[in-house]
Amino acid sequence: MPNSKTERITVKASGKYDVLIGRGLLSECGEYIKEVSGAEKIGLITDDNVNALYGDEVQTSLESAGFSVCRFVFPHGEQSKTTGTLVKIWNFLCENKFSRSDCLAALGGGVTGDMTGFAAATYLRGIDFVQIPTTLLAQVDSSVGGKTAVDLAGGKNLVGAFKQPKLVLCDTDTLETLPEEFFTDGMGEVVKHGMIKSAKLFEKLESYTTETLRKDKNALDDIIAQNVSIKRDVVQADEFDTGERMLLNFGHTLGHSIEQYYNYTGITHGQAVAAGMKMITDIAEKHMLAEKGTCERLVKCLDGYGLNVSVEPTLEQLGSACMNDKKRFGGTINIVICCDVGASMIRKMPVESFFAMLSEASE
Ligand code: NAD
Ligand code: GLY
(Lines give C-alpha, C1' and ligand atoms only; values in the text may rest on other atoms or scores of the structure.)
(Ligands and ions follow the chains in the order given, each with its own letter.)
Protein backbone atom coordinates (compact mmCIF):
# COMPACT_ATOMS: atom_id res chain seq x y z
CA MET A 1 0.00 0.00 0.00
CA PRO A 2 1.20 3.54 -0.70
CA ASN A 3 2.84 5.34 2.23
CA SER A 4 1.02 8.33 3.71
CA LYS A 5 2.95 10.84 1.63
CA THR A 6 2.03 9.18 -1.66
CA GLU A 7 -0.56 11.11 -3.63
CA ARG A 8 -3.13 9.11 -5.60
CA ILE A 9 -4.89 10.78 -8.53
CA THR A 10 -7.47 8.77 -10.44
CA VAL A 11 -7.96 9.32 -14.16
CA LYS A 12 -11.35 8.33 -15.56
CA ALA A 13 -10.87 8.02 -19.29
CA SER A 14 -11.79 5.07 -21.56
CA GLY A 15 -9.81 3.13 -18.98
CA LYS A 16 -9.77 4.13 -15.29
CA TYR A 17 -6.36 4.21 -13.63
CA ASP A 18 -4.41 5.73 -10.78
CA VAL A 19 -1.38 7.95 -10.92
CA LEU A 20 0.71 7.54 -7.76
CA ILE A 21 3.17 10.30 -6.92
CA GLY A 22 5.65 9.75 -4.13
CA ARG A 23 9.10 8.67 -3.05
CA GLY A 24 10.58 5.19 -3.05
CA LEU A 25 7.92 3.79 -5.38
CA LEU A 26 10.38 1.99 -7.66
CA SER A 27 11.35 -0.53 -5.01
CA GLU A 28 7.65 -1.31 -4.43
CA CYS A 29 6.52 -1.22 -8.05
CA GLY A 30 5.98 -4.99 -8.28
CA GLU A 31 3.31 -4.91 -5.56
CA TYR A 32 1.56 -1.92 -7.11
CA ILE A 33 1.51 -3.51 -10.55
CA LYS A 34 0.19 -6.76 -9.12
CA GLU A 35 -2.88 -4.81 -7.94
CA VAL A 36 -3.76 -3.90 -11.55
CA SER A 37 -2.42 -6.81 -13.59
CA GLY A 38 -2.78 -10.56 -13.54
CA ALA A 39 0.12 -10.94 -15.99
CA GLU A 40 2.64 -13.75 -15.69
CA LYS A 41 5.27 -11.85 -17.63
CA ILE A 42 6.29 -8.22 -17.62
CA GLY A 43 8.18 -6.73 -20.58
CA LEU A 44 10.36 -4.10 -18.95
CA ILE A 45 11.21 -1.53 -21.62
CA THR A 46 13.84 1.11 -20.84
CA ASP A 47 16.72 3.08 -22.31
CA ASP A 48 20.40 2.45 -21.53
CA ASN A 49 20.78 5.45 -19.17
CA VAL A 50 17.73 4.63 -17.09
CA ASN A 51 18.51 0.92 -17.18
CA ALA A 52 21.94 1.57 -15.63
CA LEU A 53 20.37 3.67 -12.87
CA TYR A 54 17.11 1.87 -12.07
CA GLY A 55 16.71 -1.27 -14.20
CA ASP A 56 17.89 -3.77 -11.59
CA GLU A 57 15.88 -2.19 -8.76
CA VAL A 58 12.68 -2.38 -10.80
CA GLN A 59 13.34 -5.92 -12.03
CA THR A 60 14.02 -7.11 -8.47
CA SER A 61 10.77 -5.59 -7.25
CA LEU A 62 8.80 -7.12 -10.12
CA GLU A 63 10.32 -10.55 -9.51
CA SER A 64 9.68 -10.33 -5.78
CA ALA A 65 6.03 -9.76 -6.59
CA GLY A 66 6.01 -13.00 -8.61
CA PHE A 67 6.32 -11.68 -12.18
CA SER A 68 8.76 -13.17 -14.62
CA VAL A 69 10.61 -10.29 -16.30
CA CYS A 70 12.05 -9.89 -19.79
CA ARG A 71 14.02 -6.68 -20.22
CA PHE A 72 14.45 -4.75 -23.47
CA VAL A 73 17.02 -1.92 -23.44
CA PHE A 74 17.46 0.57 -26.29
CA PRO A 75 19.87 3.49 -26.79
CA HIS A 76 18.58 6.67 -25.09
CA GLY A 77 17.27 9.67 -26.99
CA GLU A 78 14.62 10.80 -29.46
CA GLN A 79 16.55 9.17 -32.32
CA SER A 80 15.45 5.78 -30.93
CA LYS A 81 11.74 6.65 -31.05
CA THR A 82 11.37 5.07 -34.48
CA THR A 83 9.53 2.30 -36.28
CA GLY A 84 12.91 0.48 -36.30
CA THR A 85 13.02 0.24 -32.49
CA LEU A 86 9.32 -0.55 -32.41
CA VAL A 87 9.81 -3.56 -34.70
CA LYS A 88 12.62 -4.74 -32.39
CA ILE A 89 10.24 -4.47 -29.41
CA TRP A 90 7.49 -6.40 -31.25
CA ASN A 91 9.97 -9.15 -32.19
CA PHE A 92 11.33 -9.25 -28.64
CA LEU A 93 7.79 -9.78 -27.30
CA CYS A 94 7.11 -12.45 -29.88
CA GLU A 95 10.41 -14.29 -29.18
CA ASN A 96 9.62 -14.24 -25.46
CA LYS A 97 6.10 -15.54 -26.12
CA PHE A 98 4.20 -12.62 -24.64
CA SER A 99 0.47 -13.31 -24.62
CA ARG A 100 -2.47 -10.91 -24.52
CA SER A 101 -2.72 -11.26 -20.75
CA ASP A 102 0.89 -10.17 -20.18
CA CYS A 103 1.94 -6.60 -19.55
CA LEU A 104 4.58 -4.03 -20.52
CA ALA A 105 6.25 -1.55 -18.17
CA ALA A 106 7.73 1.68 -19.55
CA LEU A 107 10.60 2.75 -17.29
CA GLY A 108 12.02 6.11 -18.36
CA GLY A 109 11.18 9.40 -19.98
CA GLY A 110 8.67 10.36 -22.64
CA VAL A 111 10.56 8.52 -25.38
CA THR A 112 10.26 5.22 -23.51
CA GLY A 113 6.67 5.86 -22.47
CA ASP A 114 5.44 6.87 -25.93
CA MET A 115 7.13 3.95 -27.67
CA THR A 116 6.21 1.31 -25.09
CA GLY A 117 2.63 2.58 -25.10
CA PHE A 118 2.46 2.24 -28.87
CA ALA A 119 3.96 -1.26 -28.71
CA ALA A 120 1.30 -2.13 -26.12
CA ALA A 121 -1.44 -0.63 -28.30
CA THR A 122 -0.43 -2.71 -31.31
CA TYR A 123 1.18 -6.01 -30.22
CA LEU A 124 -1.50 -8.74 -30.49
CA ARG A 125 -3.94 -5.85 -31.15
CA GLY A 126 -3.35 -4.53 -27.66
CA ILE A 127 -1.92 -5.65 -24.33
CA ASP A 128 -1.78 -3.83 -20.97
CA PHE A 129 1.01 -1.48 -20.01
CA VAL A 130 2.05 0.60 -17.03
CA GLN A 131 4.07 3.81 -16.97
CA ILE A 132 7.00 4.34 -14.60
CA PRO A 133 8.10 7.85 -15.64
CA THR A 134 11.56 9.04 -14.54
CA THR A 135 11.81 12.50 -16.15
CA LEU A 136 9.94 15.59 -14.99
CA LEU A 137 8.31 15.88 -18.42
CA ALA A 138 7.09 12.30 -18.32
CA GLN A 139 5.80 12.64 -14.73
CA VAL A 140 3.83 15.84 -15.34
CA ASP A 141 2.74 15.25 -18.91
CA SER A 142 3.52 12.34 -21.22
CA SER A 143 2.77 9.40 -18.89
CA VAL A 144 -0.80 10.61 -18.29
CA GLY A 145 -3.46 10.76 -20.97
CA GLY A 146 -2.74 7.85 -23.27
CA LYS A 147 -1.04 9.50 -26.24
CA THR A 148 1.49 7.02 -27.63
CA ALA A 149 3.57 7.33 -30.79
CA VAL A 150 6.80 6.94 -32.71
CA ASP A 151 8.44 9.44 -35.07
CA LEU A 152 8.84 9.26 -38.85
CA ALA A 153 11.56 10.93 -40.93
CA GLY A 154 8.86 13.46 -41.88
CA GLY A 155 8.06 14.53 -38.34
CA LYS A 156 7.63 13.69 -34.66
CA ASN A 157 4.79 11.52 -33.33
CA LEU A 158 3.29 10.94 -36.76
CA VAL A 159 2.27 7.32 -36.10
CA GLY A 160 0.52 6.54 -32.87
CA ALA A 161 -2.56 5.53 -30.96
CA PHE A 162 -4.55 6.46 -27.89
CA LYS A 163 -3.86 3.80 -25.27
CA GLN A 164 -4.38 4.48 -21.58
CA PRO A 165 -1.98 2.79 -19.13
CA LYS A 166 -3.28 0.58 -16.27
CA LEU A 167 -1.20 2.51 -13.73
CA VAL A 168 1.31 5.36 -13.55
CA LEU A 169 3.99 5.28 -10.85
CA CYS A 170 5.85 8.58 -10.45
CA ASP A 171 8.75 7.98 -8.11
CA THR A 172 9.96 11.52 -7.58
CA ASP A 173 13.25 10.26 -6.08
CA THR A 174 14.30 9.45 -9.64
CA LEU A 175 14.41 13.18 -10.46
CA GLU A 176 17.51 13.49 -8.29
CA THR A 177 19.61 11.93 -11.04
CA LEU A 178 17.93 13.82 -13.88
CA PRO A 179 20.38 16.19 -15.63
CA GLU A 180 19.46 19.89 -15.41
CA GLU A 181 18.84 20.18 -19.16
CA PHE A 182 15.98 17.68 -18.94
CA PHE A 183 14.63 19.17 -15.72
CA THR A 184 14.47 22.54 -17.49
CA ASP A 185 12.69 20.97 -20.45
CA GLY A 186 10.01 19.54 -18.17
CA MET A 187 9.59 22.92 -16.47
CA GLY A 188 8.43 24.31 -19.83
CA GLU A 189 5.36 22.05 -19.64
CA VAL A 190 4.89 22.78 -15.92
CA VAL A 191 4.75 26.54 -16.55
CA LYS A 192 2.42 25.86 -19.49
CA HIS A 193 -0.01 23.99 -17.22
CA GLY A 194 -0.04 26.92 -14.78
CA MET A 195 -0.63 29.40 -17.59
CA ILE A 196 -3.54 27.52 -19.17
CA LYS A 197 -5.35 26.30 -16.06
CA SER A 198 -4.11 27.40 -12.68
CA ALA A 199 -3.14 30.82 -11.34
CA LYS A 200 -2.47 29.07 -7.99
CA LEU A 201 0.14 26.77 -9.56
CA PHE A 202 1.65 29.67 -11.51
CA GLU A 203 1.99 31.78 -8.35
CA LYS A 204 3.76 28.90 -6.63
CA LEU A 205 6.11 28.58 -9.60
CA GLU A 206 6.85 32.30 -9.42
CA SER A 207 8.15 31.84 -5.89
CA TYR A 208 10.83 29.31 -6.93
CA THR A 209 13.69 28.89 -9.39
CA THR A 210 15.23 25.65 -10.62
CA GLU A 211 17.84 25.83 -7.87
CA THR A 212 15.41 26.42 -5.00
CA LEU A 213 12.75 24.03 -6.29
CA ARG A 214 15.13 21.10 -6.71
CA LYS A 215 16.15 21.56 -3.08
CA ASP A 216 12.55 21.71 -1.79
CA LYS A 217 11.38 18.14 -2.38
CA ASN A 218 7.96 18.57 -0.82
CA ALA A 219 7.23 21.59 -3.00
CA LEU A 220 8.38 19.70 -6.08
CA ASP A 221 6.16 16.71 -5.26
CA ASP A 222 3.22 19.05 -4.72
CA ILE A 223 3.86 20.80 -8.03
CA ILE A 224 4.02 17.46 -9.84
CA ALA A 225 0.71 16.43 -8.26
CA GLN A 226 -0.93 19.73 -9.27
CA ASN A 227 0.28 19.18 -12.84
CA VAL A 228 -1.08 15.64 -12.95
CA SER A 229 -4.46 16.92 -11.67
CA ILE A 230 -4.57 19.53 -14.41
CA LYS A 231 -3.65 16.99 -17.07
CA ARG A 232 -6.23 14.54 -15.62
CA ASP A 233 -9.00 17.16 -15.85
CA VAL A 234 -8.15 18.04 -19.44
CA VAL A 235 -7.90 14.40 -20.54
CA GLN A 236 -11.17 13.48 -18.81
CA ALA A 237 -12.92 16.35 -20.59
CA ASP A 238 -11.53 15.46 -24.03
CA GLU A 239 -9.60 12.19 -24.17
CA PHE A 240 -9.34 12.10 -27.96
CA ASP A 241 -8.09 15.62 -28.50
CA THR A 242 -10.93 17.20 -30.43
CA GLY A 243 -11.62 20.14 -28.12
CA GLU A 244 -10.36 21.17 -24.70
CA ARG A 245 -7.23 18.97 -24.87
CA MET A 246 -5.94 21.33 -27.57
CA LEU A 247 -5.31 23.81 -24.73
CA LEU A 248 -2.23 21.69 -23.97
CA ASN A 249 -0.83 22.97 -27.27
CA PHE A 250 -0.31 26.44 -25.78
CA GLY A 251 3.01 27.69 -27.20
CA HIS A 252 3.38 24.53 -29.28
CA THR A 253 2.23 25.83 -32.69
CA LEU A 254 5.02 28.40 -32.82
CA GLY A 255 7.25 26.14 -30.69
CA HIS A 256 7.15 23.35 -33.30
CA SER A 257 7.99 25.86 -36.03
CA ILE A 258 10.94 27.08 -33.95
CA GLU A 259 12.20 23.49 -33.52
CA GLN A 260 11.79 22.95 -37.25
CA TYR A 261 13.71 26.18 -38.00
CA TYR A 262 16.62 24.86 -35.93
CA ASN A 263 16.31 21.46 -37.60
CA TYR A 264 15.54 19.87 -34.20
CA THR A 265 19.14 20.48 -33.06
CA GLY A 266 20.55 23.26 -30.91
CA ILE A 267 17.25 24.03 -29.20
CA THR A 268 15.32 21.83 -26.80
CA HIS A 269 11.57 21.27 -27.03
CA GLY A 270 11.09 23.09 -23.72
CA GLN A 271 13.05 26.16 -24.87
CA ALA A 272 11.13 26.24 -28.15
CA VAL A 273 7.76 25.99 -26.38
CA ALA A 274 8.83 28.69 -23.90
CA ALA A 275 9.61 31.02 -26.81
CA GLY A 276 6.32 30.04 -28.50
CA MET A 277 4.33 30.79 -25.32
CA LYS A 278 6.01 34.19 -25.01
CA MET A 279 5.44 35.11 -28.66
CA ILE A 280 1.74 34.22 -28.73
CA THR A 281 1.11 35.94 -25.38
CA ASP A 282 2.86 39.07 -26.58
CA ILE A 283 0.67 39.09 -29.70
CA ALA A 284 -2.47 38.41 -27.63
CA GLU A 285 -1.67 41.37 -25.39
CA LYS A 286 -1.14 43.64 -28.38
CA HIS A 287 -4.56 42.58 -29.72
CA MET A 288 -6.20 43.20 -26.33
CA LEU A 289 -6.90 39.48 -26.02
CA ALA A 290 -4.81 39.15 -22.86
CA GLU A 291 -4.55 41.16 -19.65
CA LYS A 292 -1.73 43.66 -19.72
CA GLY A 293 1.34 42.32 -17.91
CA THR A 294 0.58 38.63 -18.61
CA CYS A 295 3.56 38.27 -20.95
CA GLU A 296 5.93 39.98 -18.53
CA ARG A 297 4.94 37.59 -15.72
CA LEU A 298 5.33 34.60 -18.05
CA VAL A 299 8.80 35.63 -19.22
CA LYS A 300 9.99 36.28 -15.66
CA CYS A 301 8.72 32.92 -14.46
CA LEU A 302 10.31 31.04 -17.39
CA ASP A 303 13.59 32.85 -16.76
CA GLY A 304 13.69 31.50 -13.20
CA TYR A 305 13.79 28.00 -14.67
CA GLY A 306 16.45 28.73 -17.27
CA LEU A 307 13.94 28.93 -20.10
CA ASN A 308 15.23 31.57 -22.46
CA VAL A 309 12.64 33.05 -24.80
CA SER A 310 14.83 34.73 -27.42
CA VAL A 311 15.13 32.88 -30.72
CA GLU A 312 16.58 33.67 -34.13
CA PRO A 313 13.60 33.23 -36.51
CA THR A 314 11.16 36.08 -37.06
CA LEU A 315 7.42 35.60 -36.62
CA GLU A 316 7.01 35.82 -40.39
CA GLN A 317 9.53 33.01 -40.93
CA LEU A 318 7.71 30.89 -38.36
CA GLY A 319 4.34 31.50 -39.99
CA SER A 320 5.01 29.38 -43.05
CA ALA A 321 6.19 26.44 -40.95
CA CYS A 322 2.87 26.56 -39.06
CA MET A 323 1.18 25.51 -42.31
CA ASN A 324 2.44 21.98 -41.64
CA ASP A 325 1.17 21.95 -38.10
CA LYS A 326 -1.07 19.07 -36.95
CA LYS A 327 -3.36 21.66 -35.35
CA ARG A 328 -4.27 23.14 -38.78
CA PHE A 329 -7.53 21.85 -40.24
CA GLY A 330 -8.01 22.83 -43.90
CA GLY A 331 -8.01 26.61 -44.09
CA THR A 332 -8.28 27.16 -40.34
CA ILE A 333 -5.87 26.87 -37.44
CA ASN A 334 -6.56 26.50 -33.72
CA ILE A 335 -4.50 28.92 -31.68
CA VAL A 336 -4.34 28.71 -27.90
CA ILE A 337 -4.31 32.04 -26.12
CA CYS A 338 -3.96 32.78 -22.40
CA CYS A 339 -6.14 35.78 -21.67
CA ASP A 340 -4.61 35.89 -18.19
CA VAL A 341 -2.41 33.72 -16.01
CA GLY A 342 -4.41 30.53 -15.42
CA ALA A 343 -7.07 31.25 -18.06
CA SER A 344 -6.93 30.00 -21.64
CA MET A 345 -9.07 29.65 -24.74
CA ILE A 346 -8.88 28.11 -28.17
CA ARG A 347 -9.36 30.53 -31.07
CA LYS A 348 -10.15 29.01 -34.41
CA MET A 349 -9.05 31.36 -37.16
CA PRO A 350 -8.38 31.35 -40.88
CA VAL A 351 -4.72 30.56 -41.56
CA GLU A 352 -4.43 33.87 -43.47
CA SER A 353 -5.57 35.82 -40.41
CA PHE A 354 -2.98 34.04 -38.27
CA PHE A 355 -0.27 34.89 -40.82
CA ALA A 356 -1.44 38.48 -40.89
CA MET A 357 -1.27 38.62 -37.09
CA LEU A 358 2.30 37.27 -37.11
CA SER A 359 3.42 39.64 -39.89
CA GLU A 360 1.86 42.64 -38.18
CA ALA A 361 3.53 41.71 -34.88
CA SER A 362 6.95 41.37 -36.49
CA GLU A 363 6.80 44.92 -37.96
P1 NAD B 1 13.65 11.13 -22.85
O2 NAD B 1 12.75 10.01 -22.63
O3 NAD B 1 14.57 11.04 -24.02
O4 NAD B 1 14.50 11.37 -21.54
C5 NAD B 1 15.46 12.41 -21.53
C6 NAD B 1 16.85 11.90 -21.12
O7 NAD B 1 16.86 11.70 -19.73
C8 NAD B 1 17.26 10.58 -21.75
O9 NAD B 1 18.61 10.67 -22.12
C10 NAD B 1 17.08 9.58 -20.62
O11 NAD B 1 17.95 8.49 -20.75
C12 NAD B 1 17.40 10.41 -19.43
N13 NAD B 1 16.75 10.04 -18.17
C14 NAD B 1 15.47 9.69 -17.98
N15 NAD B 1 15.20 9.59 -16.68
C16 NAD B 1 16.35 9.85 -16.02
C17 NAD B 1 16.70 9.93 -14.66
N18 NAD B 1 15.79 9.76 -13.69
N19 NAD B 1 17.96 10.19 -14.33
C20 NAD B 1 18.89 10.42 -15.30
N21 NAD B 1 18.61 10.41 -16.62
C22 NAD B 1 17.35 10.13 -16.97
O23 NAD B 1 12.86 12.51 -23.05
P24 NAD B 1 11.68 13.22 -22.25
O25 NAD B 1 12.07 14.64 -22.24
O26 NAD B 1 11.34 12.55 -20.99
O27 NAD B 1 10.44 13.02 -23.23
C28 NAD B 1 10.43 13.58 -24.53
C29 NAD B 1 9.47 12.76 -25.37
O30 NAD B 1 8.16 12.83 -24.79
C31 NAD B 1 9.33 13.23 -26.79
O32 NAD B 1 9.45 12.15 -27.66
C33 NAD B 1 7.93 13.81 -26.88
O34 NAD B 1 7.35 13.68 -28.15
C35 NAD B 1 7.21 12.98 -25.83
N36 NAD B 1 6.02 13.62 -25.26
C37 NAD B 1 4.87 12.88 -25.24
C38 NAD B 1 3.73 13.40 -24.68
C39 NAD B 1 2.48 12.57 -24.62
O40 NAD B 1 1.43 13.09 -24.23
N41 NAD B 1 2.55 11.29 -24.93
C42 NAD B 1 3.74 14.68 -24.12
C43 NAD B 1 4.93 15.40 -24.15
C44 NAD B 1 6.07 14.85 -24.72
N1 GLY C 1 0.96 16.64 -24.20
C2 GLY C 1 -0.18 16.89 -25.03
C3 GLY C 1 -1.33 16.00 -24.74
O4 GLY C 1 -1.25 15.08 -23.97
O5 GLY C 1 -2.36 16.18 -25.32
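Assorted remarks:
- Hey, E206 out of contact with any strand residue (DSSP E or B) (no Cβ under 7 Å at 6 or more places or on another chain) and more than 16 Å from ligand 2 (Cβ to nearest atom) or not: yes
- Leading residue by the ranking (nearest to E206 (Cα to Cα)) among those in the stretch 220-247 that are out of contact with any helix residue (DSSP H, G or I) (no Cβ under 6 Å at 6 or more places or on another chain) and among the hydrophobic types (A, V, I, L, M, F, W, C): I223
- Unmet criterion (only one of (1) of a type outside the set (D, E, K, R); (2) free of Cβ contacts under 8 Å to residues at least 60 places away in the same chain; (3) surrounded by 22 or more Cβ atoms within 10 Å (Cβ to Cβ)) for S99: (3)
- The stretch 165-187: number of residues that are more than 16 Å from A219 (Cα to Cα), crowded, with 24+ Cβ neighbours inside 10 Å and more than 10 Å from ligand 1 (Cβ to nearest atom): 3
- In summary, Q131 fulfils each of the numbered conditions (1) in contact (Cβ under 8 Å) with a residue 40 or more places away in the chain; (2) out of contact with any Asp or Glu (no Cβ under 6 Å at 6 or more places or on another chain); (3) crowded, with 19+ Cβ neighbours inside 10 Å with the single exception of condition (1).
- Any hit, the stretch 87-108, residues being in contact with a strand residue (DSSP E or B) (Cβ under 8 Å, 6 or more places away or on another chain), near ligand 1 (Cβ under 8 Å from one of its atoms) and modelled with pLDDT of 95 or more: yes
- All positions within the stretch 264-306 that are within 20 Å of T209 (Cα to Cα) and among the aliphatic types (A, V, I, L, M): A272, V273, A274, A275, M277, L298, V299, L302
- Selected residue [closer than 30 Å to I230 by Cβ and more than 16 Å from ligand 2 (Cβ to nearest atom)] from I89, I132: I132
- Scope the stretch 127-163; condition closer than 21 Å to R214 by Cβ and acidic (D, E); matching residues: D141
- Single residue of K231, K278 found to be within 16 Å of ligand 1 (Cβ to nearest atom) and in a helix (DSSP H, G or I): K231
- Given (1) of a type outside the set (S, T, Y); (2) touching a residue at least 60 places away in the same chain (Cβ under 8 Å); (3) not in a loop (DSSP other than H, G, I, E, B), number of the condition E239 does not satisfy: (3)
- Single match in E239, E244 (criterion: within 16 Å of ligand 1 (Cβ to nearest atom), under 25 Å from F162 (Cα atoms), in contact with a Phe, Trp or Tyr (Cβ under 8 Å, 6 or more places away or on another chain) and at pLDDT 95 or above): E239
- Just so you know, in the stretch 292-316 the residues that are in a loop (DSSP other than H, G, I, E, B) and modelled with pLDDT of 95 or more include one that is surrounded by the most Cβ atoms within 10 Å (Cβ to Cβ), and it is L307.
- Flag if A149 is touching a helix residue (DSSP H, G or I) at 6+ places or on another chain (Cβ under 6 Å) and either over 29 Å from V299 (Cα atoms) or small (G, A, S) (or both): yes
- Number of the condition not met by L158 [criteria: (1) away from ligand 2 (no atom under 16 Å from the Cβ); (2) over 15 Å from the mean Cα position of the chain (by Cα)]: (1)
The values are calculated or read from the model by the stated rules, or taken from the named source; none is laboratory data. Since the model is a prediction, treat every value here as computed from it, not as a measurement. Ideal geometry is used to build each Cβ from the backbone, glycine not excepted, and the neighbour counts take in all protein chains shown.
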